[in-house]
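Input: a single structure, listed below in structure tokens.
Here, each number is a calculation from the coordinates, and none is a lab measurement. Owing to the predicted nature of the structure, the values given are computational and were not obtained by experimental measurement. Note that each Cβ is placed from the backbone with ideal geometry, even for glycine, and that neighbours are counted across all protein chains shown.
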Amino acid sequence: MKLIKAIIKPFKLEEVKDALSEIGVEGMTVSEVKGFGRQKGHTEIYRGSEYTVDFLPKVKLEIAVTDDLVSKVVDAIVNASQTGKIGDGKVFILPIEEAVRIRTGEKGDTAL
Amino acid sequence: MNTKYASINSIGAAPWKFLLLAATLLFSYALPAHADDHEEPAAATEEVAEEEAGPVDDYMELLEAQGEYAPAYDFFTTSMLWTVIAAALVFLMHLGFATLESGLCQQKNVVNVLFKNVFIISIGVITYAFFGFNTHYPGDFNGWFSWGGMIGDLNAEGGNTWGYGGLGLAMTGFGDFIFQAMFAATGATIVSGAVAERVKLSSFMIFAVLFVGVAYPVAGSWHWGGGYLASLEIPFKDFAGSTVVHAFGGFGALACVMVLGPRKGKYTENGIKPIPAHSFPLAAIGVFLLMFGWYGFNGGSVLSAEPSALGLVFTTTTLGACAGAIGAIVVSWVMLKKPDLSMALNGLLAGLVGITANADVISVSGALIIGLIAGGIVVVSIIFLDKSKIDDPVGAISVHGVCGIWGTIAVAIFGDGDFSMATQIKGALLVSAFAFIFAYVVFSVLKALMGVRVSEEEEERGLDISEHGQEAYGS
């Protein structure tokens with residue numbers, strides 16, 4: 001089991017969600033986050049004074065999948081969320097030690 | 001004959017047939033009364049008179065209660081109606097202040113800003129009833145100061161007749177009181193925006209009671225109360241309060257901000273670090289509400305329902321506001337490279353403040369020019385004050401103080417009538433200086449006695465949690 005964490009541009013969320021449902025992914029958790037990489041921030045101006053906003057809004061998806069789906073899911077995310085411009089984001093793959101379905105108490109792959 | 005019938009039939013349910021029927025019915029209704037008159041003249045007339053005149057009797061009683069002023073009853077009631085509506089509109093400005101100030105401050109201080117606004121209107125009206133109104137309008141006095149007592153039954157002794165104020169104050173005593181009471185609290189509200197996000201609540205509350213309760217009516221008595229400024233050879237002219245309300249509040253705010261100091265982290269070695277508004281929608285709603293309320297503020301200051309003045313004032317007020325927004329948009333766009341919404345909003349208000357002294361004596365072009373200049377002035381003033389390290393989160397000092405003086409001076413430039421530039425300047429400076437000194441002294445004393453500022457930690461945490469233990473938006 002792997003936990004796939006993807007940081008993407010907010011407006012790409014719908015596209016990624018659709019691409020994932022197409023390959024059979026049944027669930028995900030989404031959070032609104034802020035961050036920056038090499039994209040840096042931008043300048044805003046308020047009442048005559050400029051200031052830099054370092055953190056840009058992003059969306060983080062967390063999807064837990066069985067090992068066989070990992071590469072398909074990563075490809076789907078990358079293809080759907082890519083714009084070719086700076087700030088597209090990153091995908092991380094982390095191992096999951098154990099997973100539990102709360103309703104039934106199932107563990108392991110069947111919990112996903 | 002045939003053609004006539006044909007034509008009648010062809011008209012069908014013609015209106016004239018209905019009218020004929022109606023006339024017949026009315027006539028037949030009137031007939032029995034007539035018949036009675038002939039047979040029993042005295043009794044019948046009395047009975048008929050009582051039956052028909054019941055409600056009219058009530059109205060006649062109302063008229064009689066006006067005594068010699070009965071002929072003016074219609075205009076009196078219309079004017080009084082407008083006055084109380086205007087008072088309600090001015091009250092609405094407090095909602096405008098509340099939303100504008102909370103919109104322009106940070107999320108962590110919203111509860112505190114709202115709390116101050118609730119307190120100010122409440123204590124403002126109460127102190128005005130207890131002593132403000134009679135200090136503001138002392139009647140015969142030395143022109144500078146006369147302490148008044150609590151209002152009593154303002155309907156008594158002809159206070160509910162045209163005789164209370166005649167054409168120049170076409171309302172009852174209570175109408176006069178409530179309209180003026182709504183103005184009183186706006187002085188402290190102006191200050192509350194400027195000191196937001198770092199002022200200590202209890203100190204501010206004490207200050208507000210004194211500023212609104214004592215200073216405002218005293219300064220006001222010099223002009224509207226018939227005091228020194230009103231008794232000059234060419235009297236001071238301040239139609240709805242550019243000086244006695246707005247400059248008064250604005251310069252009081254300046255004094256408090258100077259004693260209080262800026263928000264932490266605003267002025268750094270590398271320049272100004274802006275603390276942006278947390279909700280522009282709230283701020284915009286606030287400004288539009290203020291403009292809406294201003295129709296009561298200026299419109300009600302006509303002090304009657306006189307159609308010619310009312311139409312003019314509504315027009316000049318609106319034009320001033322619109323020109324103010326445009327002026328601020330143009331100047332801020334040029335100076336700051338990008339159009340700034342908060343400047344546009346301040347510009348609208350600046351135009352309104354600028355027009356407030358002169359709305360009833362200027363022309364359409366005058367209104368436009370005054371508003372345009374006010375819009376330009378306010379942008380420059382806001383930037384200048386920020387560069388001078390005077391931290392004013394909402395621009396109150398610039399909108400109300402600086403533009404209040406501009407509006408007062410504009411009377412002499414654009415006003416149609418006998419006005420003196422020297423008097424206008426004198427009045428504006430006198431009231432502004434009084435407000436500034438009063439606020440500076442009171443706030444400095446409070447600073448020495450109990451402090452006027454929250455601790456650095458409390459300021460960082462946010463006043464909502466530190467002073468109130470509450471959050472504005474829940475969690």
Q: Starting from the stretch B:259-362, pick out the trypsin sites (Lys or Arg not before Pro) whose DSSP state is loop and whose Cβ has at most 12 other Cβ atoms within 10 Å.
A: B:337
Q: Go through the stretch A:35-40 residue by residue and turn each phi into a ³J(HN,Hα) via Karplus (6.51, -1.76, 1.60, θ = phi - 60°); whole Hz please, and just put x for glycine and proline.
A: x, 7, x, 7, 5, 6
Q.
Which residues among the stretch A:64-98 fall inside the zone where the amide N is under 19 Å from a point 7 Å beyond the Cα of residue A:18, along Cα→Cβ?
A. A:73-84
Q) Among B:94, B:400, which comes first, then next, by fewest other beta-carbon atoms within 10 Å? A) B:94, B:400
Q. So what's the net charge close to residue B:172: Lys and Arg +1, Asp and Glu -1, counting the other residues with Cβ under 14 Å from its Cβ?
A. -3
Q | Cβ-derived FRET efficiency at R0 41 Å, residue B:62 paired with residue B:418, nearest 0.05 | A | 0.55
(Q) Residues of the stretch B:342-365 with backbone nitrogen within less than 13 Å of a virtual label 7 Å along the Cα-to-Cβ line of residue B:334, please, listed as ranges. (A) none
Q: Note the angle between two axes, namely the Cα long axis of helix A:70-81 and the longest principal axis of the Cα atoms of chain A, as a number of degrees from 0 to 90, rounded to the nearest 10.
A: 30
Q: Calculate the length of the line joining the C-alpha centroid of the stretch B:165-217 to that of the stretch B:224-255, in whole Å.
A: 14
Q) What's the FRET efficiency of residue B:425 with residue B:456 using the Cβ-Cβ distance as r and R₀ = 41 Å, to the nearest 0.05? A) 0.50
**Q.** Filter on A:2/A:60; A:85/B:273; A:12/B:108 - keep pairs with C-alpha separation over 27 Å
**A.** A:85/B:273; A:12/B:108
Q: Find the relative contact order for chain A and round it to a whole percent, using C-alpha pairs within less than 8 Å whose residues are 6+ positions apart.
A: 42
Q. Per residue of B:271-277, how many C-beta atoms from partner chains lie within 10 Å of its own C-beta, taken as a mean?
A. 5
Q) How far is helix B:307-336 tilted, in degrees, relative to the longest principal axis of the Cα atoms in chain B, given as a value from 0 to 90 rounded to the nearest 10? A) 30
Q: Can you tell me which of B:374-387, A:30-43, B:228-241 comes out highest on packing, and rank the rest after it, using the mean Cβ neighbours within 10 Å?
A: B:374-387, B:228-241, A:30-43
(Q) What does the C-alpha gyration tensor say about the overall shape of the stretch A:2-111? Classify as rounded when a/c is under 1.5, otherwise prolate if a/b is larger than b/c, or oblate. (A) prolate
Q. Per residue, how much space in cubic angstrom lies within the convex hull of the C-alpha atoms of chain B?
A. 251
Q. At what distance in nm do the modelled label points of residue A:34 and residue B:155 sit from each other, each positioned 7 Å from its Cα along Cα→Cβ?
A. 5.8
Q.
Helix B:364-387 against the longest principal axis of chain B: what's the angle in degrees, Cα atoms only, rounded to the nearest 10?
A. 30
Q) With a Cα-only, solvent-free Debye model of the protein assembly as shown, what are the log10 I(q)/I(0) values at q = 0.10, 0.11, 0.13 Å⁻¹? A) -0.88, -0.99, -1.25
Q) When you count, for each residue, the other Cβ atoms within 10 Å and take the mean per peptide, how do B:151-158, B:274-281 rank with the highest first? A) B:274-281, B:151-158
Q: Take peptide B:331-338, look around each residue's Cβ out to 10 angstrom, count Cβ atoms belonging to other protein chains, and average those counts.
A: 2
Q. Over chain B, what relative contact order in percent results from Cα pairs under 8 Å that are six or more residues apart?
A. 21
Q. Going by how many other Cβ atoms sit within 10 Å of their own, how do B:419, B:248, B:133 line up, fewest first?
A. B:419, B:133, B:248
